[in-house]
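Here's the structure we're looking at; comments come further down.
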Amino acid sequence: MDISSIIQFVIDLVAVLLLALGIKGLSKVRSARSANRLAAFAMLLSVIGLISYYLGTTGISIQSWSWIILGTILGGSLGGILARKVPMTSMPETVALFNGCGGMSSLLVALGVALFPNNVDSFDFFRSFIEIVSISISIFVGAITFSGSIVAMAKLQGWLSTPSWTQSKIRHLINIVFGIISLIAFIDLIQFSSASSIWLLVISSTLLGIGVTLPIGGADMPVVISLLNSYSGIAAASAGFVVGSQLLIVAGAMVGAAGLILTQVMCKGMNRSLISVLFGGTLSAKASNSNDKGEYTNITSCSIEECALTLEAANKVIIVPGYGLAVAQAQHTLREVTKILELNNIEVSYAIHPVAGRMPGHMNVLLAEADVPYEQLKEMDIINPDFPATDVVLVLGANDVVNPQAKNDETSPLYGMPVLDVQEARSVFVIKRGMSAGYSGIKNDLFDLPNTSMVFGDAKKVLSELITELRELGVGVK
Ligand code: NAP
């Protein structure tokens, strides 16, 4: 082992340890920000390790240095600006774009090594079976991840709609054809390493990524993004074998496994199987076949003043945030309301459903942005037993995640989805703009219950007026 290999090994080892610590820290909201920085630093360290290796073994020309520096500045600035500017509601699109970039990087690395093997001569990648398999996997998975993520991003952004022909069975046939061509090119690449098989694999797997993602409904996209995230990890791990980076292998494997687990958790939380998300009809199609078209028969609408009066008399209040809160960007106004209630010695907590919103952790991120204390965020299983002893529940722009049909109605498309038992509380106020359905497109039985009152209006506007009403009642004024 020469000195540059030893240096790279030590740097990689430190980077792997820092990355593992970073990932552990991400599991707690409080430490997530610093953990994210630690993981980013670990990746930077690994890049330095790899460059120092090449510097020691092959030497890096001035021209190559300028490309490396230019790429780092350009990519770093673009990523930094994008991450700072993106609104919270556009996070799924951003994650999709970043996944696509990850897939494209692995694809380009593998392509570079496959097409110009002499540039990294010291490894002589084509000699070993494992290395050519890694290149093939990187190209295949990287191309699927790239094209699939870009389609997902475009659909979420509203730039691309689902073409009607993609809802027919013919799409399965087209995807099977792309899959078979990819398989043939994959095997050919491993056997002969020819340029034609490389390009055939790139084209067929890119088309396969588009073909699988295009038919999926916009609302199912977060599950697909989570799956593509897992693919980007697999592509990165195989790219790690290609360039000989231990950190890339470890990080890629972690991302691959984490993405798969998250996909599973989301499917469970939405009461859908991955197969039905990827190959089945959309949930709204399923909803339209069910018998849940019933009209509301017992809606009680109330004023913001009545809501404020009930809150004034409460001892324990639970807030249920949902997608509508994110759309209204009402998290800061909500925090103002809860601060006022707390000044009146009212106990406040927030019930977080695992799939509330449109991406995993959506509500945690939203509320953290408004400086809601982490201790007040309670996961569904923890808070569900608390509802019977709760005076008031404020449901803010949430719908499916509080629908009792999920527990009571076996014919409901939501049946089996774990939900928040808000109906057990003394009074429930649902703040939303009208009677439209949530993501599932079905009626919500909660709205018909006698202890539920609807407060119609945009979440931010209603909460602002609630602040005025509470102040007029002297709540929170010491
Ligand atoms: P939801 O069921 O989609 O309901 C959101 C409600 O917000 C709507 O009924 C809407 O009613 C209301 N709303 C919209 N804009 C509003 C505004 N400005 N002010 C006040 N209300 C507003 O949301 P959810 O309860 O959070 O449930 C999430 C759903 O998304 C679940 O079905 C879940 O399976 C699905 N999903 C989640 C993920 C994930 O990873 N988290 C991924 C994919 C799908 P109005 O129009 O009447 O106001």
Segments classed as helices (runs of 4 or more DSSP H), wholly inside the stretch 184-287, with at least 3 members that are touching a residue at least 60 places away in the same chain (Cβ under 8 Å) and open to solvent by 10 Å² or more (accessible area, probe 1.4 Å): 195-213, 221-243, 246-269
Inter-residue pairs, beta-carbon under 6 Å, first assigned to a loop (DSSP other than H, G, I, E, B) and in the stretch 419-438, second away from the ligand (no atom under 14 Å from the Cβ), 6+ apart: Asp421/Asn384; Asp421/Phe387; Ala425/Phe387; Ala425/Thr390; Arg426/Asp391
Cβ-Cβ under 7 Å pairs, at least 6 apart or on other chains, the stretch 450-478 side small (Gly, Ala, Ser), far side within 15 Å of the ligand (Cβ to nearest atom) and in a helix (DSSP H, G or I): Ala459/Gly324; Ala459/Leu325; Ala459/Ala328; Ser464/Thr333
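Of the residues Ile203, Ile187, which is of a type in the set (Val, Ile, Thr), over 29 Å from the mean Cα position of the chain (by Cα) and modelled with pLDDT of 85 or more?
Details: Ile203 fails: over 29 Å from the mean Cα position of the chain (by Cα).
Unique residue meeting the criteria: Ile187.
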Residues that are more than 16 Å from the ligand (Cβ to nearest atom), part of a helix (DSSP H, G or I) and open to solvent by less than 20 Å² (accessible area, probe 1.4 Å), drawn from the stretch 292-346: Ala308, Leu311, Thr338, Ile340, Leu341
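If you take the residues in the stretch 380-390 that are part of a helix (DSSP H, G or I) and touching a residue at least 60 places away in the same chain (Cβ under 8 Å), which one is farthest from the ligand (Cβ to nearest atom)?
We begin by selecting, within the stretch 380-390, every residue part of a helix (DSSP H, G or I); these are 380-389.
Narrowing further to those that are touching a residue at least 60 places away in the same chain (Cβ under 8 Å): 383, 386-387, 389.
Working: Ile383: 15, Asp386: 19, Phe387: 16, Ala389: 23 Å.
Filtering the stretch 380-390 for residues that are part of a helix (DSSP H, G or I) and touching a residue at least 60 places away in the same chain (Cβ under 8 Å), the one farthest from the ligand (Cβ to nearest atom) comes out as Ala389.
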Any hit, the stretch 394-406, residues being out of contact with any Lys or Arg (no Cβ under 8 Å at 6 or more places or on another chain), in a loop (DSSP other than H, G, I, E, B) and of a type in the set (S, T, N, Q): yes
Among (1) under 30 Å from the mean Cα position of the chain (by Cα); (2) in contact (Cβ under 8 Å) with a residue 24 or more places away in the chain, the one test that Gly56 misses: (1)
Residue count for the stretch 437-457, restricted to those that are more than 15 Å from Tyr415 (Cα to Cα) and open to solvent by less than 10 Å² (accessible area, probe 1.4 Å): 4
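Out of Val372, Val428, Val393, Val402, I need the residue that is within 12 Å of the ligand (Cβ to nearest atom) and either in contact with a strand residue (DSSP E or B) (Cβ under 9 Å, 6 or more places away or on another chain) or more than 28 Å from Pro222 (Cα to Cα) (or both). Which one? If you could, list the steps in order and put the result at the bottom.
Details: Val372 fails: within 12 Å of the ligand (Cβ to nearest atom); Val428 fails: within 12 Å of the ligand (Cβ to nearest atom); Val393 fails: within 12 Å of the ligand (Cβ to nearest atom).
Being within 12 Å of the ligand (Cβ to nearest atom) and either in contact with a strand residue (DSSP E or B) (Cβ under 9 Å, 6 or more places away or on another chain) or more than 28 Å from Pro222 (Cα to Cα) (or both) holds for just one of Val372, Val428, Val393, Val402, which is Val402.
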Qualifying positions in the stretch 405-436 - more than 24 Å from Val317 (Cβ to Cβ), more than 26 Å from the chain's Cα centre (by Cα) and open to solvent by 50 Å² or more (accessible area, probe 1.4 Å): Asn408, Glu410, Thr411, Met435
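Would you check if Leu396 is within 26 Å of Ser273 (Cα to Cα) and either hydrophobic (A, V, I, L, M, F, W, C) or open to solvent by 10 Å² or more (accessible area, probe 1.4 Å) (or both)? Walk me through it before giving the result.
Values: within 26 Å of Ser273 (Cα to Cα): no; either hydrophobic (A, V, I, L, M, F, W, C) or open to solvent by 10 Å² or more (accessible area, probe 1.4 Å) (or both): yes.
Judged against the criteria, Leu396 is not a match.
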Failed item in (1) more than 29 Å from the chain's Cα centre (by Cα); (2) within 22 Å of Gly79 (Cβ to Cβ); (3) open to solvent by less than 70 Å² (accessible area, probe 1.4 Å); (4) not charged (D, E, K, R), with Ser5 passing the rest: (2)
Residue match in the stretch 154-164 (condition: open to solvent by less than 70 Å² (accessible area, probe 1.4 Å), in contact (Cβ under 8 Å) with a residue 12 or more places away in the chain, closer than 14 Å to Val212 by Cα and in contact with a helix residue (DSSP H, G or I) (Cβ under 6 Å, 6 or more places away or on another chain)): yes
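Rundown of residues vs (1) free of Cβ contacts under 8 Å to residues at least 24 places away in the same chain; (2) farther than 30 Å from Ala330 by Cβ; (3) surrounded by fewer than 15 Cβ atoms within 10 Å (Cβ to Cβ), yes/no style:
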| position | (1), (2), (3) |
| --- | --- |
| Ser52 | no, yes, no |
| Ile69 | yes, yes, yes |
| Gly75 | yes, yes, yes |
| Val86 | yes, no, yes |
| Met104 | no, yes, no |
Any helices (runs of 4 or more DSSP H) falling wholly within the stretch 1-109 and containing at least 1 residues that are of a type in the set (Val, Ile, Thr), modelled with pLDDT of 90 or more and more than 30 Å from Ile132 (Cβ to Cβ): 3-25, 62-85
Long-range neighbours under 6 Å by Cβ, at least six apart or interchain, first residue in a helix (DSSP H, G or I) within the stretch 352-379, second within 15 Å of the ligand (Cβ to nearest atom) and open to solvent by 10 Å² or more (accessible area, probe 1.4 Å): Met363/Ile352; Met363/Gly357; Leu366/Met88
Some residue of the stretch 256-271 being in contact with a Ser or Thr (Cβ under 9 Å, 6 or more places away or on another chain), within 18 Å of Val47 (Cα to Cα) and of a type outside the set (A, V, I, L, M, F, W, C): no
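The values are calculated or read from the model by the stated rules, or taken from the named source; none is laboratory data. Model, not experiment: these values are computed from the prediction. With ideal geometry, Cβ positions are generated from the backbone for all residues, glycine too; neighbour counts draw on all protein chains shown. The area values use the complete protein model at the heavy-atom level, side chains included, leaving out ligands, DNA and RNA. Shrake-Rupley method; radii C 1.70, N 1.55, O 1.52, S 1.80 Å.
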